[in-house]
Structure formats: C-alpha cells, structure tokens
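Since every read-out is calculated from the coordinates, none of them should be taken as a lab result. Since the model is a prediction, treat every value here as computed from it, not as a measurement. Backbone-built Cβ (ideal geometry, glycine too); neighbour counts: all protein chains shown.
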Amino acid sequence: MRNVFVVTERRADFSRFKPILELIDKDENLNYNLVVTGIHLLDSHGKTINEIIEGGFKVFKTVQMFEENIDRDSGAEMTIAFGRVTMGLVKAIEESNPDIILSGFDIGANLAVSIAGAHMNIPVVHIQGGEVSGTIDESIRHAVSKFSHYHLVSNNDAKNRLIKMGEIPNHVFVVGCPSIDAMLDIDISSPVEIKKKFNIDVYKKFFLVLQHPVTTELHKAKKQIKETLKAIKKSGTECVLIYPNNDAGSQAIIGEIKNSDVKYFPTLTLKDYVSLLSYTTALIGNSSSGIHETATFKVPTINIGTRQQGRLRPENVIDVDYEEYEITGAINKILYDKKFLKDVKHCINPYGDGKSANRIIDILKKINISNNIIQKRITY
C-alpha cells in the first residue's frame with residue numbers, strides 16, 4: 001500500500017484534494033495522511049477544518065501556520081508563517097513516513113511540503129504546475145515544480161511550459177483541474193434554501209464577488225477593491241461578497257468591505273459557494289475560480305487586474321483593469337450583450353471535464369517511486 005502525504009492550507013487547495021482523498025479512501029492500494037494548516041485553523045476565516053472533519057476526512061495532524069488576529073499584514077508575516085509551517089510539516093512527515101507527497105497548486109504550505117519532501121528523498125507529485133499568473137503565486141508555482149518529480153497538469157499549455165522548464169516529458173501528465181470534480185459532485189441548494197440562508201432571490205440578477213490582494217501590488221489593495229465596489233454599486237445589482245485570502249494586503253480589502261453596504265461573508269462552504277456560483281449572473285474579482293471553474297457552470301467572469309495574467313482563458317472571461325469605468329463596461333456587457341451571453345452558454349472549459357481525480361489515482365498507483373527518480377536533472 002502506498003502512503004500519500006497531503007497538506008491543505010485553504011479552501012482553494014482543499015477543493016482540489018477533496019475528490020482525490022475520497023477516491024484514495026476507497027482504494028485498497030492507497031492510504032492518505034492529511035495535515036491541515038493555514039487559514040483552515042483561523043476563527044477569522046471560519047475555522048474550515050470543521051468542514052473538513054464533518055465531511056468525513058481523517059486529519060492526521062494540524063500544524064499552526066498563521067497567528068489569529070495578527071496586527072502585521074505584510075510579506076514579512078507571510079515569510080514568518082512559511083518558516084513556521086515548514087518546521088511543523090517536517091515533523092509530521094517524519095511521523096507519517098510517506099511514500100509520496102502530493103502537493104497542490106501555488107500556495108505557501110504546498111511549497112513548504114515540496115521543499116521538505118525533496119530534502120527528505122520522498123517523491124513529490126505536483127498538481128496544476130505549469131500555469132502562469134501574477135502575484136507571488138507565479139513564483140511559488142514554478143518553485144514547487146522544480147522541487148517535484150511528477151507533474152499532474154490541467155492542460156497541454158501547462159504541460160508544454162513545464163517541458164520547456166526542463167522537466168522530464170514522460171513525468172508530466174495532463175489530468176485536468178480536480179476542483180471541477182469536487183464542484184460537479186455538489187448537490188446545489190434550492191432557490192428557497194438560498195433565499196433563507198443569504199436573503200438572495202436567485203430569479204433576480206446578482207453578482208458573486210471574490211477579490212484577493214496582489215502581493216506585488218500591496219500598496220494598491222485598498223484602491224483596487226474601492227474601484228470594484230464603486231462599479232458594483234453603480235450597476236444597482238445585488239451582490240454576495242466573500243472575504244479574500246490572508247495574503248499580504250488582505251486587511252486593507254476587508255476594511256473597505258466592512259465599510260461598504262454590501263452583503264459579505266468571511267468564508268463559504270464548498271456547497272454554498274458552488275450553489276451561489278450556479279445561480280449568479282457573474283463572478284467578479286480576481287480569483288482563479290473565475291478562470292478554472294466558471295466555464296463549467298456557463299457563468300461569465302469579470303477578471304480584474306494582474307493576478308491571473310497569462311493564464312489560459314475560456315471564452316466566458318472578460319479581462320479589465322482596476323478602474324471603475326472598465327469594470328462598469330464589463331458589467332454592462334454581461335447584463336445586455338446577448339451575443340456574449342450566448343457564447344458563454346456554449347463555451348468549453350480548457351481546464352478539464354470533471355474526471356481528473358480518477359486519472360490522478362491511476363497515476364499515483366503506477367508511477368515509479370524508487371530512489372533513482374529522486375535526483376533531478378534539467379533536460380537541456
């Protein structure tokens with residue numbers, strides 16, 4: 001039996017691991033040890049470890065990464081948290097003695113576990129490398145790829161990029177984005193349930209808003225969210241706004257949200273998020289969900305700013321800058337452009353078909369994990 005070590009820091013990476021862990025649990029040849037860290041453990045972000053446990057997932061260890069109600073909102077604090085989680089993960093890996101480390105996406109804790117695995121001579125398998133974006137995520141993603149021995153990518157664009165980066169071609173597998181699997185598996189709430197829980201009438205137009213800080217544009221975070229909020233208010237359309245992640249700059253965004261008159265929630269369960277996404281008129285902000293997932297639900301995305309720059313786009317995405325007039329123009333396109341809305345209903349998601357987890361399980365059982373693959377060499 002192969003023992004797979006997984007760490008999750010926030011909803012964005014757990015949505016990718018969820019369908020994989022469910023299949024591992026049913027497979028007699030695989031076992032998982034799940035470590036929960038990051039904002040999953042913070043009351044201020046909904047303490048989503050409870051949702052993980054209630055979902056039936058076994059938690060091997062918790063590792064403290066962030067401090068609750070920390071005053072500092074900076075890159076320095078992110079770096080301190082990275083050091084803290086790295087030390088905790090090394091101890092958990094020693095206890096777990098895994099055969100494989102399954103790392104995901106472009107998040108700090110997954111970089112930490114990849115570095116630890118490479119140093120401890122454990123094969124690292126990385127989900128969704130090879131993509132490009134803005135913010136610190138770009139550097140983290142490619143760093144994880146260089147510490148990884150196998151790559152499970154979302155599309156051929158990502159595969160070709162990793163090969164150009166010197167990764168071994170037959171160690172790169174196109175599997176799709178597994179968060180789509182998790183979202184398609186959700187039994188969405190009824191309009192009556194949505195009305196009761198969020199006071200939203202799904203038969204009327206409303207926006208779902210999720211805007212994160214861009215760590216390389218830290219000083220602009222407050223102005224950026226202000227422009228978004230002004231455009232939404234100008235449209236006269238109701239919205240449901242979700243708190244950003246806790247990257248540097250998040251407190252400035254949260255402060256503006258609290259001072260506005262919009263309906264906001266610190267976090268949502270996956271079921272609530274998928275339900276609202278299924279009914280919404282559009283997703284507005286800079287979340288990767290707007291690039292990776294909305295096309296599957298035939299929902300338009302207004303993607304604001306540089307955070308997702310360079311990523312492969314489905315036809316449902318409208319790119320705008322952090323300017324009220326540009327965001328307003330995109331809103332009007334979504335509300336009134338019948339041709340665009342027709343195109344959205346027929347768009348194809350380049351990030352997968354909802355069957356990624358099955359492909360990943362097959363790969364985890366078949367790949368060579370002997371010591372002779374640990375030493376990496378660039379291929380050019």
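Could you pull out the GluC sites (Glu not before Pro) across the range 9-68 that fall in loop regions by DSSP (anything but H, G, I, E, B) with no more than 14 other Cβ atoms inside 10 Å? Kindly include the intermediate steps, with their values, before the conclusion.
On the way: sites: GLU9, GLU22, GLU28, GLU51, GLU54, GLU67, GLU68; in loops: GLU9, GLU28, GLU67, GLU68.
Answer in residue order: GLU28, GLU67, GLU68.
Per DSSP H run of at least 4 residues, take -39500 (n - 2.57); add these up for the chain, divide by its residues and hand me the 222 nm value, nearest 500 deg cm²/dmol.
Details: 15 runs with 162 residues, N = 380.
Per the formula, -13000 deg cm²/dmol.
Let me check against my output: what whole-number percent is the relative contact order of the chain, with C-alpha pairs under 8 Å and at least 6 apart? Numbers along the way, then the final one.
Details: 749 pairs, mean separation 66.1, N = 380.
For the chain, the relative contact order is 17 percent.
Points 7 angstrom from Cα along the Cβ direction at GLN309 and ASN372: gap in nanometres?
With each label point 7 Å from Cα toward Cβ, the separation is 4.5 nm.
Angle between the Cα long axis of helix 221-235 and the longest principal axis of the chain, 0 to 90 degrees, nearest 10?
Orientation of helix 221-235: about 40 degrees from the principal axis.
Expressed as an acute angle from 0 to 90° and rounded to the nearest 10, what is the orientation of the C-alpha long axis of helix 108-119 relative to the principal long axis of the chain?
With both axes taken from Cα atoms, the answer is about 10 degrees.
Report the residues of the range 1-27 in range of a label on ASN358: point 7 Å along Cα→C-beta, backbone N strictly under 17 Å from it.
Residues passing the 17 Å test: 19-27.
Can you tell me the orientation of helix 11-26 relative to the chain, as the angle in degrees between its alpha-carbon axis and the longest Cα principal axis, to the nearest 10?
50
Just to verify a number: FRET efficiency for LYS195 and ASN332, C-beta to C-beta distance, R0 = 22 Å, to 0.05? Present the calculation step by step, with values, prior to reporting the outcome.
On the way: r = 27 Å, r/R0 = 1.22.
For LYS195 and ASN332, the calculated efficiency is 0.25.
What's the longest piece of the chain with no exposed trypsin sites (Lys or Arg not before Pro), counting a site as exposed if DSSP puts it in a loop and it has at most 12 other beta carbons within 10 Å? List each step's numbers first, then the result.
On the way: sites that count: LYS58, ARG72, LYS204, ARG377.
In short, 205-376.
Here are labelled values, (i) 60, 45, 42; (ii) 62, 55, 40; (iii) 69, 48, 41, and one is the computed Cα extents along the principal axes in Å for what I pasted. Which one?
So the structure-derived entry is (i).
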